[in-house]
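Here is the structure we will look at, set down as structure tokens.
The values are calculated or read from the model by the stated rules, or taken from the named source; none is laboratory data. Not measured: the values here are computed from a predicted model. FYI the Cβ positions are ideal-geometry reconstructions off the backbone, even for glycines, and counts take in every protein chain you see. For accessibility, only protein heavy atoms count, side chains too; no ligands or nucleic acids. Shrake-Rupley method; radii C 1.70, N 1.55, O 1.52, S 1.80 Å.
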Amino acid sequence: MNSFVVVKYLTFLLMPPASLALGTILGLVLLAVGWRRLGWAVILTASIVTSIFSWAPLGDALLGYVEDQARAAERATPRCCYDAIVVLGGGIAPAVPPERDFPSLTDSSDRIWAAARLYKQGVAPRIIVSGGGFLANNGPATTEAEAMRRFLVELGVPDSAIVSEGQSDNTIENIRNVRRLVEDRPVALVTSAYHMPRAMRIAKAAKLNVAAFPVNFHALRSTRPPWENWLPTLEGMGETILALHEIAAIWLDRREGAQ
């Protein structure tokens, strides 16, 4: 197990709702052995942290920090012309037969739609879809790349204009494998706005000539009812966790790149 996987799971354990569950269990154990003050303090702390993480303005601030970088990169991006449009995995969940025979769109599926739109606008003559998994021969699409390819065809992109890269399991591998395909030629990089700053840093380190085409912005403060700014919500928790996970991944990628 590499450090990327270790940090990924540690961040999930240290953030709500897992941190609330772990804090409550630890607090109950401390209460059971007679350390009542410490036990209640642990439970209370876990509850307060969960409430803070669920506060929408915190998620807005953290997501805004990374998404504003994506907006700045987009403003500096020429609208054409590129050797390929590169779509990073994460927009579609591969099929998992026999439980799920067909791919499932995720919250980040804007990536695939945007790639099809850019292709039809003539931004590039081909689309590279990058994302791994396990592919069953002649069966359902069970890699992200194959699932994206099939969806793009449904959106009207010719199959001959799509290149599948199905060997990568994380963003670093996405970028490295795409770099081997395109060499020094310029590409239009399509991924979620919160993910774009990290993807651009990795691309720069890999000497991949990329331009930013971010989609799927989350920090949309004006679309939220005002009262949700003052109450803990599941959406607020999700945005905070998403941002912190991405910030932690940026830190990890820097360490990986230094090795």
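Observations
- Restricted to helices (runs of 4 or more DSSP H) entirely inside segment 1-56, those with at least 3 residues that are closer than 30 Å to residue 169 by Cα and modelled with pLDDT of 85 or more are 18-32.
- Extreme residue, nearest to the chain's Cα centre (by Cα), among residues of segment 185-218 that are surrounded by fewer than 19 Cβ atoms within 10 Å (Cβ to Cβ) and not in a helix (DSSP H, G or I): 217
- Contact map, segment 206-231: residues that are closer than 15 Å to residue 175 by Cα paired with residues that are open to solvent by 70 Å² or more (accessible area, probe 1.4 Å) and among the aliphatic types (A, V, I, L, M), Cβ distance under 8 Å, separation 6+ or inter-chain. Pairs shown: 212/76.
- Scanning segment 248-257 for any residue that is modelled with pLDDT of 85 or more and closer than 26 Å to residue 92 by Cα turns up nothing.
- Index of the failed condition, residue 55 passing every other in (1) under 27 Å from residue 144 (Cβ atoms); (2) in contact (Cβ under 8 Å) with a residue 60 or more places away in the chain; (3) open to solvent by 70 Å² or more (accessible area, probe 1.4 Å): (1)
- The set of residues from segment 81-102 being closer than 23 Å to residue 242 by Cα and either touching a residue at least 60 places away in the same chain (Cβ under 8 Å) or part of a loop (DSSP other than H, G, I, E, B) (or both) comprises 86, 87, 88, 89, 90, 91, 94.
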